[in-house]
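Here the structure comes first, spelled out in structure tokens, and everything after it is commentary.
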Amino acid sequence: MLPPPRRGDASRRAWSNDRRPTTEATLDAVTRGHDIARHRRDDATRARHMVFTVSVVFFSRTARLVTAANVIAEGARAVEGCECNVFRVRDVIRDEDDARTYDRGILDCPVVTLDDIARSDAIVFGAPTRYGRLAPELSAFFDKLSTFHDEGCALKGKIGSAFTEVGGPGQGYGGHEAALVTIHALFLQHGMVTVGAPPLPTLEATPNASVFGTALRSTAKSRAAGAASDLESNPLTSRVRELNEAEVKIAYAQGEWVSLIAKQLHDDGEVA
């Protein structure tokens, strides 16, 4: 125990009633020490939060929707720190992956697993709209996500977004917004944060455009050109149909928008 200061000693300011040092110099030193420690913790936190994961998950037999999935992924990767992967949903209804019914290259895409979903900070789902309803192959996969609900809403706080394709033989006409809203409803059931396509001037002049998500407009010509017989007669033929400029802009902007929001939530801390 140090002796108390003598009367008149300027050092008496360094003592409080409990004889602990409280001078401004000492407080400044303590504060600086706390600041250094805090900055070190902040640096470590920033390092942990530098990378976040976005997954684009689709079901489609035609390459046009897959092209949209890749454009969305490119938009997501434009945001610093984003790690984006593209997955496909396996057809569990027919329980087969017959290469003759898919455009070339689609089956080379990795099949999504529940672990992939759990590791993602944001998930963008896409599938065709068929006669006003979401493709049942993706709906069947959604049924598997119930395991996350049973585990205490394990998807809570993740970003969810959606895209689709509509129109043409075998798909009916319209109903794309109903299908997109169905996917958004699933997100809400899991406590996820729903994100659509950002409002853009392009939406005003694009058929089927919607803030609920990218909606490609299929045509009879493009689907007929992608028939399996076409592939058999000419192995070099691809069923990839280029997206028009507006569709590319909307898909890219949606991916980037999803990624920006996911980064913000990821870096600021998980939703409780």
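The values are calculated or read from the model by the stated rules, or taken from the named source; none is laboratory data. The model shown is predicted, which means the values in this text are computed figures rather than measured ones. Note that each Cβ is placed from the backbone with ideal geometry, even for glycine, and that neighbours are counted across all protein chains shown.
In this structure, does ALA63 turn out to be in contact with a strand residue (DSSP E or B) (Cβ under 7 Å, 6 or more places away or on another chain), surrounded by 18 or more Cβ atoms within 10 Å (Cβ to Cβ), under 25 Å from GLU177 (Cα atoms) and not charged (D, E, K, R)?
Numbers: in contact with a strand residue (DSSP E or B) (Cβ under 7 Å, 6 or more places away or on another chain): no; surrounded by 18 or more Cβ atoms within 10 Å (Cβ to Cβ): yes; under 25 Å from GLU177 (Cα atoms): yes; not charged (D, E, K, R): yes.
Against the criterion (in contact with a strand residue (DSSP E or B) (Cβ under 7 Å, 6 or more places away or on another chain), surrounded by 18 or more Cβ atoms within 10 Å (Cβ to Cβ), under 25 Å from GLU177 (Cα atoms) and not charged (D, E, K, R)), ALA63 does not qualify.
Do you know which of the residues in region 70-125 that are under 11 Å from the mean Cα position of the chain (by Cα) and assigned to a loop (DSSP other than H, G, I, E, B) is farthest from ASP143 (Cα to Cα)?
Checked region 70-125; the qualifying residue farthest from ASP143 (Cα to Cα) is ASP121.
So ALA154 ticks every box in (1) within 23 Å of TYR102 (Cα to Cα); (2) touching a helix residue (DSSP H, G or I) at 6+ places or on another chain (Cβ under 7 Å); (3) assigned to a loop (DSSP other than H, G, I, E, B) but one. Which box is left unticked?
(1)
Out of region 165-201, which residues are in contact with a Phe, Trp or Tyr (Cβ under 9 Å, 6 or more places away or on another chain), part of a loop (DSSP other than H, G, I, E, B) and among the aliphatic types (A, V, I, L, M)?
Within region 165-201, VAL195, ALA197 meet the criteria.
In this structure, is GLU204 farther than 19 Å from ASP143 by Cα, touching a residue at least 12 places away in the same chain (Cβ under 8 Å), part of a helix (DSSP H, G or I) and out of contact with any strand residue (DSSP E or B) (no Cβ under 6 Å at 6 or more places or on another chain)? Reasoning before the result, please.
Details: farther than 19 Å from ASP143 by Cα: yes; touching a residue at least 12 places away in the same chain (Cβ under 8 Å): no; part of a helix (DSSP H, G or I): yes; out of contact with any strand residue (DSSP E or B) (no Cβ under 6 Å at 6 or more places or on another chain): yes.
Here the answer is no, as GLU204 does not meet what is asked.
What residue, of ALA225, ALA179, is out of contact with any helix residue (DSSP H, G or I) (no Cβ under 9 Å at 6 or more places or on another chain), modelled with pLDDT under 95 and surrounded by 15 or more Cβ atoms within 10 Å (Cβ to Cβ)? Steps first, please.
Working: ALA225 fails: surrounded by 15 or more Cβ atoms within 10 Å (Cβ to Cβ).
Answer to the selection: ALA179.
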